[in-house]
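The values are calculated or read from the model by the stated rules, or taken from the named source; none is laboratory data. Because the structure is predicted, anything quoted here is derived from the model rather than measured. A quick note on method: Cβ atoms are made from the backbone with ideal geometry, for glycine too, and the neighbour counts reach across all protein chains shown. Heavy atoms of the whole protein, side chains included, go into the accessibility calculation; ligands, DNA and RNA do not. Shrake-Rupley method; radii C 1.70, N 1.55, O 1.52, S 1.80 Å.
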Amino acid sequence: MKRVFCATYEGLDAKVVEVESTLTKGLPSFGLVGKVSMEINEAKERAKSALLSNDFKFPPKRITINLAPSDLKKEGSQFDLSMALLIAISDLSEELDDWFVFGELGLDGAVKENTQLYPLLLSLANQNIIKKAIVPYDSLEKLSKIPNIAFYGAKTLNEAVSLLRNQRTAQPSIVSSEIEYPSYEVEGEKYFYVKEYTEDFLDVKGQEVAKRAALIAAAGFHNIIFEGSPGCGKSMIATRLRYILPSMNTSEILDLAKLQVLDGEEPLFKPHRNMRSVHHTSTSASVFGGGSHKAKIGEVGLSHNGILFFDELPHFSKSVLESLREPMQDGKIRISRVNSKVEYPADFLFIGAMNPCPCGNLLNAHKECRCNELEIQRYKNRLSDPFLDRIDLNVVMQNVAVSDKPSLSSKEMHKLVVQTHIINKKRGQKSFNAKLNDKEIEEFCTLEGEAKEVLDMATSRFALSFRSIKKVQKVARTIADLDESESIKKEHLLEALSYRRR
């Protein structure tokens, strides 16, 4: 029996598939087993034609190729080359190394690119389960950006056969290098960043409270809502926030590249977190993903490790806002269909922007609000208490004044965020402050005596829920980190409480 490896998709991640072959005595036949799709079944004819076109004799035996595990549905033409290779080298006595083989075959034996190849290899690299692979020669330039994999390019089936027959002496076409961006190392892991501020916080004049809240949100990955009159700078701050987010490790960069490919973009392998801006007319399927036969990723999944921005928040449908509660709490989105059940990671920073009333002038000192109390109440009731309970920071924007001046630049704010990120990692945290679980809150969010008294008083006075108490602690932890304080002090907790929803 001979064996190589390939891969197929299950949800958002690639799953390794063992391609095994046996040639036994019996009536000549060619069978495929292992829950294969129609396109893989068609590969039998492509493999047979490619072999016969390149002077290989098709063995007069009973050929069985198994794609394991048998309970995983396999799709895609990337299996062509692996199946043809196993038949071509059936006489090879030497054991094969752990080779991954990808490629679609032409009838003349040419090895062609496959649309699924790039995201599959990105996912396998991110899972750290692939070291070397035979791939189409035309894909080498694009694949060279995927780090820490040796790629062996093959233009034809003959070249691929030669590689396996000479596996001990074969030299890779390219060995992809590490990501080349500025970085720092904490606890043995590298974190990459870019000093690029296309949109700078220096452009935002005034709004010091909102900018401070944005800094806290970026440093701890806290969900935030900006409320204010039209034109006061809500969207300006939201779009600039992505440039000051924490640095990314290799795994996060590969995750982002994979999401960019799934969204039809060319991956840049740049440590710059994603931002998805969703329009309020978007359907539930486009926001969360869906599809009747094969569940596809939506905006929530594409915002993983980045920002999900909802402008005009109360205008989103009730079903979308309520469905958003689960990924905001668990960092995952689950799609259940008759034919498939898929779970996507969706660990994002949520930013919402809203007017204080339907006409937008309720907080404006120079314009009169045209809304009555019932309209204002109906407008605000679009956001339920369980949804708002998942928001860490609530900011009421100030009126724009002629005397407003710029303050901190994005570069200065980013430096503070990086400093906080390093403190988190040195403390032994695996996740951002906003994503800490109950056990980690007890371990990392230690309160000084006065701070604990303030929290107890606030819990009693404002009837805080358990979730609200934990969110206040996590925000206070981020504020303390920005202050480079080991424990949470009274002033940190008071500032965290000031961002609560009133």
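Taken over the range 230-257, the criterion of being open to solvent by less than 20 Å² (accessible area, probe 1.4 Å) and either among the hydroxyl-bearing types (Ser, Thr, Tyr) or not in a helix (DSSP H, G or I) (or both) is satisfied by Cys232, Gly233, Leu245, Pro246, Ser247, Met248. Checked across the range 31-48, the condition of being modelled with pLDDT of 90 or more, of a type in the set (Asp, Glu) and within 30 Å of Pro345 (Cβ to Cβ) holds for no residue. Counting only strands (runs of 3 or more DSSP E) wholly contained in the range 121-195, the ones carrying 1 or more residues that are open to solvent by 60 Å² or more (accessible area, probe 1.4 Å) occupy 183-186, 189-192. The requirement of being open to solvent by 10 Å² or more (accessible area, probe 1.4 Å), of a type in the set (A, V, I, L, M, F, W, C) and assigned to a helix (DSSP H, G or I) is fulfilled somewhere in the range 411-418, by at least one residue. Looking only at the range 52-63, which residues are touching a Gly at 6+ places or on another chain (Cβ under 8 Å) and within 10 Å of Asp108 (Cα to Cα)? Selection gives Ser53, Asn54.
Counting only residues that are in a loop (DSSP other than H, G, I, E, B) and under 30 Å from the mean Cα position of the chain (by Cα), the range 469-502 holds 5 of them.
Quick one: in the range 436-452, of everything that is touching a residue at least 24 places away in the same chain (Cβ under 8 Å) and more than 32 Å from the chain's Cα centre (by Cα), which residue is most open to solvent (accessible area, probe 1.4 Å)? Only one residue fits best here, namely Glu450.
Per-residue answers, yes or no, for (1) among the charged types (D, E, K, R); (2) under 30 Å from Ser183 (Cβ atoms):
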position: Phe350; (1), (2): no, yes
position: Ala353; (1), (2): no, no
position: Cys359; (1), (2): no, no
position: His366; (1), (2): no, no
position: Ser384; (1), (2): no, no
position: Leu388; (1), (2): no, no
position: Asp392; (1), (2): yes, yes
position: Lys405; (1), (2): yes, no
position: Met413; (1), (2): no, yes
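Examine the range 87-99 for a residue that is within 30 Å of the chain's Cα centre (by Cα), more than 20 Å from Pro28 (Cα to Cα) and open to solvent by less than 10 Å² (accessible area, probe 1.4 Å), and state whether such a residue exists. Yes, the range 87-99 has at least one match. When the range 258-307 is filtered for residues that are of a type in the set (Val, Ile, Thr), more than 12 Å from the chain's Cα centre (by Cα) and in a helix (DSSP H, G or I), only Val287 remains. Scanning the range 385-412 for residues being more than 24 Å from the chain's Cα centre (by Cα) and closer than 30 Å to Lys190 by Cα gives a total of 4.
Evaluate the range 217-225: report whether one residue or more is of a type in the set (Val, Ile, Thr), farther than 13 Å from Pro406 by Cβ and in a strand (DSSP E or B). Scanning the range 217-225, I find at least one residue that is of a type in the set (Val, Ile, Thr), farther than 13 Å from Pro406 by Cβ and in a strand (DSSP E or B), so the answer is yes.
On the basis of being without any contact (Cβ under 8 Å) to a residue 12 or more places away in the chain, open to solvent by 70 Å² or more (accessible area, probe 1.4 Å), more than 21 Å from Asn433 (Cα to Cα) and not in a loop (DSSP other than H, G, I, E, B), does Arg334 make the cut?
yes
Only residues that are among the small types (Gly, Ala, Ser) and at pLDDT below 90 were counted in the range 254-283, giving 2. Within the range 461-476, being open to solvent by 40 Å² or more (accessible area, probe 1.4 Å) and either under 20 Å from Glu326 (Cα atoms) or among the hydrophobic types (A, V, I, L, M, F, W, C) (or both) holds for Phe462, Ala463, Ser465, Phe466, Arg467, Lys470. Among the numbered conditions (1) closer than 24 Å to Asp98 by Cα; (2) at pLDDT 85 or above; (3) open to solvent by 30 Å² or more (accessible area, probe 1.4 Å), the only one that Lys61 does not meet is (1). No other residue among Val342, Val320, Val287, Val300 is closer than 18 Å to Ile224 by Cα, β-branched (Val, Ile, Thr) and crowded, with 20+ Cβ neighbours inside 10 Å apart from Val300. When restricted to residues that are closer than 30 Å to Phe221 by Cβ and touching a Leu at 6+ places or on another chain (Cβ under 7 Å), the range 352-382 contains 4. Taken together, the residues in the range 368-393 that are in a loop (DSSP other than H, G, I, E, B), touching a residue at least 24 places away in the same chain (Cβ under 8 Å) and either open to solvent by less than 100 Å² (accessible area, probe 1.4 Å) or more than 18 Å from Ser317 (Cβ to Cβ) (or both) amount to 6.
Annotation: of all residues in the range 1-12 being open to solvent by 60 Å² or more (accessible area, probe 1.4 Å) and assigned to a strand (DSSP E or B), the one that is nearest to Asp91 (Cα to Cα) is Arg3.
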